[in-house]
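All of the numbers you see were taken from the coordinates with simple rules; none came from a lab. In this text the structure is predicted, and so the values were computed from the model without any measurement. Note: ideal-geometry Cβ built from the backbone for every residue, glycine included; neighbour counts use all protein chains shown.
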Amino acid sequence: MKTTKLILAGGFLGAGKTTLLWYAAQKLMRKGLRVGLITNDQAPELVDSKLLFLNDMHVLEVSGSCFCCNFNGFTKAIREMQKEADVDVIIAEPVGSCTDLSATIMQPLKEFWNRELHIAPLSVLADPNRLDSMLNGGNAGLHPDAAYIYRKQLEESDIILINKTDLLTTEELNRLKLRTAQVFPAATIFEISAIVGNGVEQWLDDVLSRRDAGKQIVEIDYDIYANGEAILGWLNGTVIIKGENTDWDVFTHKFLASLSSEFDKQRHSVGHVKVIFENGKKFIVGNIVGTANAFSLRGSVGQSNLIRLTINARVEISPEKLDDIVRKTLESLTIDKYVTDILAWKYLQPERPQPTYRFTKVL
C-alpha cells in the first residue's frame with residue numbers, strides 16, 4: 001500500500017475548518033492528487049459532511065465521539081479512504097471543542113502508522129476576533145472553561161492559521177501576527193482566508209513537505225477540559241419542510257436571524273450554528289458565530305415546494321433549552337404554512353473525554 005499524506009486541521013468551533021478543507025481539496029485535486037476528507041462530531045447528521053459531499057468530495061464521517069476517544073474508528077476511516085478511494089492526501093477535521101490532539105492522535109499515529117502515513121504538522125485555525133480576545137487576556141466570548149480548550153489548542157499547535165484575514169486591515173493583521181508569534185513561539189504562523197483562498201496554497205506547500213508533526217505535548221486538566229465541553233449544548237437535526245412555493249434563500253436568512261437574535265436576547269454564547277438547506281444539488285449554507293446578527297450565508301437554493309434542512313448547533317446552554325429554542329424558532333416560521341418531517345434529531349451534552357491512547361512524550 002502506498003504512503004498517504006495525512007493533514008490534521010483543528011481549531012475551535014466557528015474557525016472555518018470546513019471551508020478550508022473544501023478549498024484545500026480543490027487546490028490539491030487541480031494538481032492531480034486524489035484527496036479524501038474525514039469529518040468528526042459527537043453525533044451524526046453533519047452539515048460539514050453534507051456540504052463536502054455536495055461538492056463531489058470523497059468524505060467519511062466519524063461520529064459518536066471525537067477522534068481521540070475513538071482512535072480505532074478514525075484509523076478505520078483512514079484505511080477505508082486508502083482502500084476504496086486510493087487517496088494521496090487525507091485532510092481530517094477533528095471536533096472543534098477537542099484539544100490534547102498531539103498526545104492522543106499525533107503521537108499514536110507516529111507510533112502505529114508511521115509506515116503507512118506521512119503525518120503533517122498539526123494545524124490549528126483561529127478566528128481573528130477570538131484570537132485577539134485571547135491574546136489580550138480575555139475569554140474570546142466563551143465560558144472560561146471553554147476558553148481553556150481554545151487556549152490549549154493554540155498551545156499544542158505546530159502551525160497556527162489566522163483565518164478570515166479578508167476581514168482585517170493590513171495593520172490589524174500585522175499586529176495580530178506579531179502578538180501570536182510572541183505568545184506561541186513554537187508555532188509557525190500563517191495568514192489565510194479560507195473563504196477566498198488567500199494563503200491556502202502556501203500553507204499546503206508547507207504541510208505537504210514537512211515531517212515534524214506533533215512537536216509538543218501540553219499539560220491538560222481534564223476536569224476543566226470536560227467541563228468546557230459540557231458547558232455547550234449540542235444539537236444535530238435533519239428536517240424535510242414541505243408546503244407552498246418558497247424562496248428558501250430568504251427563509252434561511254430569516255431562520256438564522258431569528259436564532260441569532262434569540263440566543264443574544266437570552267445571553268447565550270454561540271460556539272457555532274451551521275445550517276444547510278438542500279434542493280437537489282443546489283444548496284445554501286449559513287453560519288452563526290458570536291453575537292446577534294453575526295451570521296453569514298453562501299450559495300443559493302432558489303424556490304421550490306420542498307427543502308431539506310440540516311442544522312448543527314453548539315451553544316452555551318443546556319441541550320434541552322437549545323432544543324426548545326431551535327424547535328420554537330423553526331415552528332414560528334413554518335406553522336400553518338408548511339408540513340415538517342423530522343428525519344433525525346439529537347441533542348446532547350458531551351461526555352467526559354476518555355482518549356484511547358495518551359502519550360506523555362513526543363516521538
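Each principal axis of the Cα atoms in the range 131-287 has its own extent, and those three values, largest first, are 57, 38, 32 angstrom.
Each Lys and Arg contributes +1 and each Asp and Glu -1, all at the Cβ; summed about the Cα centre of the range 235-282, the dipole is approximately 140 debye.
For the range 63-106, the Kirkwood radius over C-alpha pairs fed into Stokes-Einstein at 4 °C and 1.567 mPa s yields D = 115 µm² per second.
Here the residues H58, H143, ranked from fewest to most Cβ neighbours within 10 Å of their Cβ, fall in the order H143, H58.
Evaluating kT/(6 pi eta Rh) at 25 °C and 0.890 mPa s, with the Kirkwood radius of the range 241-363 over Cα pairs in the Stokes-Einstein relation, gives 155 µm² s⁻¹. Just name one of W345, A92, N287: the one whose Cα is farthest towards the positive end of the charge dipole of the chain (beta-carbon charges, Lys/Arg +1, Asp/Glu -1). Value: A92. With only the Cα atoms considered, the chain has a convex hull volume of 126 Å³ per residue. Within a straight-line Cα-Cα reach of under 26 Å, K328 can be paired with the following lysines, leaving aside sequence neighbours fewer than 8 residues apart in one chain: K50, K242, K254, K265, K274, K337, K346. Footprinting exposure proxy ranking of S260, S318, fewest other C-beta atoms within 10 angstrom first, gives S318, S260. Computed as a quarter of the hull surface, the mean projected area of the alpha carbon convex hull for the range 1-117 stands at 6.7 nm². For the chain, a simple Cβ point-charge model (Lys and Arg +1, Asp and Glu -1, everything else neutral) yields a dipole of about 620 debye relative to the Cα centre.
For the listed peptides 7-17, 305-315, 319-329, a ranking on the average number of other beta carbons within 10 Å per residue, highest first, reads 7-17, 305-315, 319-329.
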